[in-house]
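The values are calculated or read from the model by the stated rules, or taken from the named source; none is laboratory data. These numbers were taken from a predicted model, which means no experiment stands behind them. Neighbour counts run over all protein chains shown; Cβ positions are idealised from the backbone, glycine included. What goes into the accessible areas is simple: the full protein's heavy atoms, side chains included, and nothing from ligands, DNA or RNA. Shrake-Rupley method; radii C 1.70, N 1.55, O 1.52, S 1.80 Å.
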Amino acid sequence: MSARYLPVGWNASKLVYDGVLLAIVASYIAVFLWVAPHFQHVTLPLDAYSARMGAFGTCAFFLLTAILCIGPAARLDRRFLPLLYNRRHFGVLTCAVALTHANAAFEWYFSYSPLDPFVALLSGNTSFRQISGFPFEVFGIFGLVVLVLLAATSHDFWLRFLTPPVWKSLHMGLYAGYLAVVLHVALGALQAAHNPLLAVVMTLCVLMVGVLHLAAGRRPARPGDTIDGWIVAGRADSIAEGRAIAVPVPGAEPVAIFRHDGKLSAVTNLCAHQNGPLSEGAVIDGCITCPWHGYQYRLADGCAPPPYTEKLVTFRLKFTDGMVLLDPSPNPPGTYVEPLRVA
Amino acid sequence: MSAFFVGWHLASIRPWAGFLGMVCGCAMVLFAAVALALGSVASDPGGGDFSGEKDLTGVVVAAPYPLLVLAPDAEHPTGHAVLLSGGGKVGIQVQADALNGKRVRATGVGFKRGTIDMMVGVQLQPAEGPSPEPTVIPLGVWRLTGEICDGKCESGIMRPGNGLSHKACANVCISGGVPPVFVTTAPVEGASFLLMGDAQGRALPDAFGDHTGMLQRMDGSVVRIADVAIFRTDVTAAVTP
């Protein structure tokens, strides 16, 4: 939660998270550059720049794949949620790995000529009308721009400045970046490869991202019936103590209905921080707690406890014939609504 | 209440610690295994390599790209030709044009791959002595399949110095005046690396860029100067086989 901005709000979870990430990246690069060459069947080894391009380029692609898999994996199995917690650091590290790949290519292929290196980069290959030989560099540049943009705006300052919906829309650009990276590899390294292994691994990665998203996308429940404009949310006993259900609202974001101390409260399903799914959170210390970053809100009015200032939209609830009904008209953020006591 | 992770509360991770430890361990092993697999199946970049500092004397041939033709010796009974290039991705066409047909002393750094002998970072100085005009031997008309590369990277400055990944670099090099070579899929009169020129024996036209870095089939005549084969072709008529 935020009352002021820090470069990084370190805690033990983030330190462990970043330590594991760095260890994975370091082992990948070390094995690729210093162990694997002993098993190559080549006349002479690759030059240092080309080897670095391969190591950091493939590593960035796999990291990006992992980032895109974490979200749906956490939706399908809550035990993956801790991997989602510090995903922004994951993204920044991926950006740094991708920049190292790009820097090696830029220095090796486009420097040392009479042309400005950026001019050489953009004019070196202009065969846009053919597939074989297509300037795959443009997809790499686009992917890199996306990664840098997302890394640069990953801090909470930008989240607040841009507002969560805009920030989240911007960061959905990662999918476009991933597509560009896939095309970059497919039209570049894969065309030059004499061994199909990279193509096989890459195809598996893309399939994994697609299948996980499809599987996670099938989970939302169907919209309920309505009675006099109120949405039937279900029976109160269908909500576990300290937990919530997400109630679909036609044409709007779902609403999270929490049960705590035998009372029900309804707030928007979108966390005010990064629009995380609050219905997948829990009540801790009497507060709704977001599963993504632990942002907390009071049940009755949707306000973060002082000194924090975030507020959620709240909703009215009522009982009819043992069923919980939800008024889909949202109250202004922070509006107090008396929790509905379960009979 | 079942387990619920809160990032800022490390103790909340305990119920899932075993699962997460297994995931992290598997990820580390998987990443290392993939790195080992991908890193060990690198395509063979060939045997081009540094061949030492060079200080040679011979006759300059400026077209289609700068060559230094050395006098015959026991190893090269028809003479030996060395491709010349500047430092970085630039040629030495201006220097070579000024000294075309003359005897020079050339200093630079050597790279060699197969029949390509390349000097880079070349400085030419006029030298005393005979400057016989190199003999051009026609080897007939050929239809060849191969890849247009820049002679500098292909000869071992870069490994690999060919293929589509290297296409833009090859274009930048050749545009800068580095001699292009045609690497054939089958030898032509014993040569798999042929210096390239246009059909009239001049430098390639600007339109070569669509044809570099990938297999191309093209028709043209082959001539030999000393021990270097030169493929004279209309590169714009090249087709993908």
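Here the label points at B:Ala98 and A:Ser169, each 7 Å from Cα along the C-beta direction, are separated by 6.1 nm in the simple model. Between beta-carbons, use under 13 Å as the cut-off and find the net charge around A:Leu68, counting Lys and Arg +1, Asp and Glu -1. Here the charged neighbours net out to +2. Taking only the Cα atoms of chain A, the radius of gyration and Dmax are 24.4, 81 Å. Modelled label positions at A:Asp285 and A:Thr153, each set 7 Å beyond Cα in the direction of Cβ, lie 3.2 nm from each other. Sorting A:Phe106, A:Phe315 on solvent-accessible area from highest to lowest, probe radius 1.4 Å, gives A:Phe106, A:Phe315. Going 7 Å from the Cα of A:Met208 toward and past its Cβ, which residues in segment A:58-96 have a backbone nitrogen under 11 Å from where you end up? Within reach of a label on A:Met208: A:62-70.
Name the GluC sites (Glu not before Pro) in segment B:66-152 that are in a loop by DSSP and that have at most 15 other C-beta atoms within 10 Å, would you? Kindly include the intermediate steps, with their values, before the conclusion.
On the way: sites: B:Glu75, B:Glu128, B:Glu147; in loops: B:Glu75, B:Glu128.
Hits after loop and neighbour filter: B:Glu75, B:Glu128.
Under a Cβ-Cβ cut-off of 14 Å, what is the net charge of the residues other than A:His184 that fall near it, where Lys and Arg count +1 and Asp and Glu count -1? Let's see the in-between values first.
Numbers: positive: B:Lys167; negative: A:Glu137.
Around A:His184, the charge tally is 0.
Report the calculated FRET efficiency for A:His41 and A:Phe161 (r = Cβ-Cβ distance, R0 = 51 Å), to the nearest 0.05.
Details: r = 54 Å, r/R0 = 1.05.
After rounding, the FRET efficiency stands at 0.40.
Helix B:17-40 and the long axis of chain B differ in direction by around 10°, with both axes built from C-alpha atoms. Of the residues B:Thr212, A:Ala152, A:Ala48, the one whose Cα sits farthest towards the positive end of the charge dipole of the protein assembly as shown is A:Ala152 (charges of +1 on Lys and Arg Cβ, -1 on Asp and Glu Cβ, taken about the Cα centre).
Modelled label positions at A:Val342 and B:Thr107, each set 7 Å beyond Cα in the direction of Cβ, lie 9.0 nm from each other.
For chain A, the longest principal axis of the C-alpha atoms and the axis of helix A:48-76 are separated by about 20°. Distant-in-sequence amide contacts of A:Val324, defined by a placed amide H-H separation under 5 Å and a gap of 5 or more residues or a different chain, comprise A:Ala233, A:Gly234, A:Arg235, A:Ala236. Under the criterion of Cα pairs below 8 Å and six or more residues apart, the relative contact order for segment A:191-329 equals 19 percent. With r as the distance between the Cβ atoms of A:Ile131 and B:Glu189 and R0 = 35 Å, compute the FRET efficiency 1/(1 + (r/R0)^6) and round to 0.05. Plugging the Cβ-Cβ distance into 1/(1 + (r/R0)^6) gives 0.55. The residue list A:Leu170, B:Gly108, B:Val41 was ranked by how far each Cα lies along the charge dipole of the protein assembly as shown toward its positive end, using unit charges on Cβ atoms, and A:Leu170 comes out on top. As I understand it, the dipole of chain A uses +1 on the Cβ of Lys and Arg and -1 on the Cβ of Asp and Glu, about the Cα centre. Which of A:Trp108, A:Phe161, A:Leu81 lies farthest toward its positive end? Comparing the listed Cα positions along the dipole, A:Leu81 ranks first. Bridgeable lysines around A:Lys311 (alpha carbons under 24 Å apart, same-chain partners fewer than 8 residues away excluded): A:Lys168, A:Lys263.
The calculated FRET efficiency for the pair A:Arg78 and B:Asp44, based on their C-beta separation and a Förster distance of 51 Å, comes to about 0.60.
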